[in-house]
Amino acid sequence: MARNKVTVIGAGNVGATTAQRIAEAGLADVVLVDIVEGLPQGKGLDLAEAAPVVGHDARVIGTNDYADTAGSDIIVVTSGLARQPGMSRDDLLAKNAGIVKAVVSASAPLSPNAVIIVVTNPLDAMCHVAMQASGFPRERVLGMAGVLDSARFRTFIAQELGVSVEDTHAFVLGGHGDTMVPLPRYSTVAGIPITELLPKERIDAIAKRTADGGAEITKLVGTSAWYAPGLAAAQMVECILKDKKKIEPCSVYLQGEYGIHDLFVGVPVKLGKNGVEQIVQITLNAEEQAALQKSANAVKELVDVLRPQLPK
Ligand SMILES: NC(=O)c1ccc[n+]([C@@H]2O[C@H](COP(=O)([O-])OP(=O)(O)OC[C@H]3O[C@@H](n4cnc5c(N)ncnc54)[C@H](O)[C@@H]3O)[C@@H](O)[C@H]2O)c1
């Protein structure tokens, strides 16, 4: 049986980490693509040479030629500019929209049955570009943000309570931006809601640190994070290739769910071999629903700016 094939577009920090994780986990053969000549070839070779040490047989190649990506099961889009200190995700809007449109238009026709996972920021707006450039149905275009944001929330919960990260579960909904909505009521330690374990002011502080999680690392390193983002994208790849049907927060195109229409916003979804197999609707209280709507409005503002340049 042929191994699965995953194309990762963008051989920068996030793309290379995603490729590394997919290959090391033996999930699929990986084609790493970049516009810079030599970069994907070099990183692909380096990753291939790690295979005997790790003990996996996944084939990793780097290329500038989209023909090599044909027949991929999944396309992960990480190409684009990363945030610099002081830069918001939204500053990246126009530049990255052009890049995402170009790479999806080049890759999607060669892999017409693929699931596209978008990572490039501003995330939710870039999902719109990818869906329109590919013409794929909404089940097969989704964005990676919630898996990372909830991993950050879980990290801080575990640190605060001195418990294993494995015991934590967390949900972060909304757009991947400053208006994201951590949901303490649905965030648990060994099944116990954190609202039972921590005072409100500590939960608020952790939620704020989660929402500022990307900026905190950008300030320290000088560019945006890549280890946790790359792993989060690879985890979504694993859910799809292994048909795991895990419930993960992902950016998906809502058509009335949560009262939101025609916008990519992060909500819990069931991830399986068909991509988004179900949008899971959890009950939100008035405050949570208002925060989600505010976050959706922030996504809409960006999409409205982009509309004139979105493919018809
Ligand atoms: N969704 C998230 O949670 C999340 C988390 C981290 C980073 N990001 C975003 O992911 C993107 C990548 O971040 P990074 O740190 O890997 O950046 P990076 O600069 O390290 O890598 C980006 C790569 O994209 C390539 N590229 C640019 N234009 C291209 C094109 N037209 N075709 C092919 N390749 C092209 C560049 O040459 C570069 O190698 C950024 O937009 C960043 O903001 C998102």
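Per-residue answers, yes or no, for (1) under 26 Å from G275 (Cβ atoms); (2) touching a Cys at 6+ places or on another chain (Cβ under 7 Å); (3) surrounded by fewer than 17 Cβ atoms within 10 Å (Cβ to Cβ):
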{"residue": "R21", "(1), (2), (3)": "yes, no, no"}
{"residue": "V31", "(1), (2), (3)": "yes, no, no"}
{"residue": "A50", "(1), (2), (3)": "no, no, yes"}
{"residue": "V60", "(1), (2), (3)": "yes, no, no"}
{"residue": "R83", "(1), (2), (3)": "no, no, no"}
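Selection of region 130-184 for residues being β-branched (V, I, T) and touching a strand residue (DSSP E or B) at 6+ places or on another chain (Cβ under 9 Å) yields V141, V147, T155, I157, V163, T168, V172, V181. Can you find a residue in region 110-132 that is within 19 Å of the chain's Cα centre (by Cα), crowded, with 23+ Cβ neighbours inside 10 Å, over 28 Å from A207 (Cα atoms) and within 13 Å of the ligand (Cβ to nearest atom)? Yes, some residue in region 110-132 is within 19 Å of the chain's Cα centre (by Cα), crowded, with 23+ Cβ neighbours inside 10 Å, over 28 Å from A207 (Cα atoms) and within 13 Å of the ligand (Cβ to nearest atom). Reported count of residues in region 134-145, each being surrounded by fewer than 24 Cβ atoms within 10 Å (Cβ to Cβ) and in contact (Cβ under 8 Å) with a residue 60 or more places away in the chain, is 3.
Looking across region 235-244, the residues that are more than 16 Å from the ligand (Cβ to nearest atom) and either under 19 Å from A158 (Cβ atoms) or open to solvent by 20 Å² or more (accessible area, probe 1.4 Å) (or both) come down to E238, L241, K242, D243, K244.
Out of the residues in region 67-81 that are within 10 Å of the ligand (Cβ to nearest atom) and not in a strand (DSSP E or B), which is surrounded by the fewest Cβ atoms within 10 Å (Cβ to Cβ)? Once the filter is applied, the top-ranked residue is L81.
Limited to region 168-203, what total is found for residues that are farther than 22 Å from V265 by Cα and charged (D, E, K, R)? Residues in region 168-203 being farther than 22 Å from V265 by Cα and charged (D, E, K, R): 4 in total. Just wondering, is there one or more residues in region 99-119 that are at pLDDT below 95 and out of contact with any Pro (no Cβ under 7 Å at 6 or more places or on another chain)? No, there is no match, as no residue in region 99-119 is at pLDDT below 95 and out of contact with any Pro (no Cβ under 7 Å at 6 or more places or on another chain). Assess whether D46 counts as being farther than 21 Å from N113 by Cβ, more than 13 Å from the ligand (Cβ to nearest atom) and surrounded by fewer than 20 Cβ atoms within 10 Å (Cβ to Cβ). For D46, the condition - farther than 21 Å from N113 by Cβ, more than 13 Å from the ligand (Cβ to nearest atom) and surrounded by fewer than 20 Cβ atoms within 10 Å (Cβ to Cβ) - is met.
Out of curiosity, is V14 under 12 Å from V76 (Cβ atoms), within 9 Å of the ligand (Cβ to nearest atom) and not basic (K, R)? Here the answer is yes, as V14 does meet what is asked. Has region 177-199 got at least one residue that is β-branched (V, I, T), within 27 Å of H261 (Cβ to Cβ) and in contact (Cβ under 8 Å) with a residue 12 or more places away in the chain? Yes - at least one qualifying residue is present in region 177-199. Within region 273-294, restricting attention to residues that are of a type in the set (D, E, K, R) and open to solvent by 40 Å² or more (accessible area, probe 1.4 Å), which residue is farthest from the chain's Cα centre (by Cα)? Among residues in region 273-294 that are of a type in the set (D, E, K, R) and open to solvent by 40 Å² or more (accessible area, probe 1.4 Å), the one farthest from the chain's Cα centre (by Cα) is E287.
Note on region 146-176: among residues that are farther than 17 Å from A228 by Cα and open to solvent by 20 Å² or more (accessible area, probe 1.4 Å), the one that is nearest to the ligand (Cβ to nearest atom) is E160. Restricting region 92-106 to residues that are more than 10 Å from the ligand (Cβ to nearest atom) and over 17 Å from the mean Cα position of the chain (by Cα) leaves a set whose member that is surrounded by the most Cβ atoms within 10 Å (Cβ to Cβ) is S105. Within region 245-270, the set of residues being open to solvent by 60 Å² or more (accessible area, probe 1.4 Å) and within 15 Å of A232 (Cα to Cα) comprises K246, I247. Entry remark, region 193-234: residues being among the aliphatic types (A, V, I, L, M), more than 21 Å from A291 (Cβ to Cβ) and either open to solvent by less than 40 Å² (accessible area, probe 1.4 Å) or assigned to a helix (DSSP H, G or I) (or both) number 9 in total.
The values are calculated or read from the model by the stated rules, or taken from the named source; none is laboratory data. Just so we're clear, the structure is a prediction, and the values are computed from it rather than from any experiment. Because the Cβ atoms are built from the backbone with ideal geometry, glycine has one as well, and the counts that use them run over all protein chains shown. Accessible surface is based on the protein model in full, side chains and every heavy atom, while ligands, DNA and RNA are left aside. Shrake-Rupley method; radii C 1.70, N 1.55, O 1.52, S 1.80 Å.
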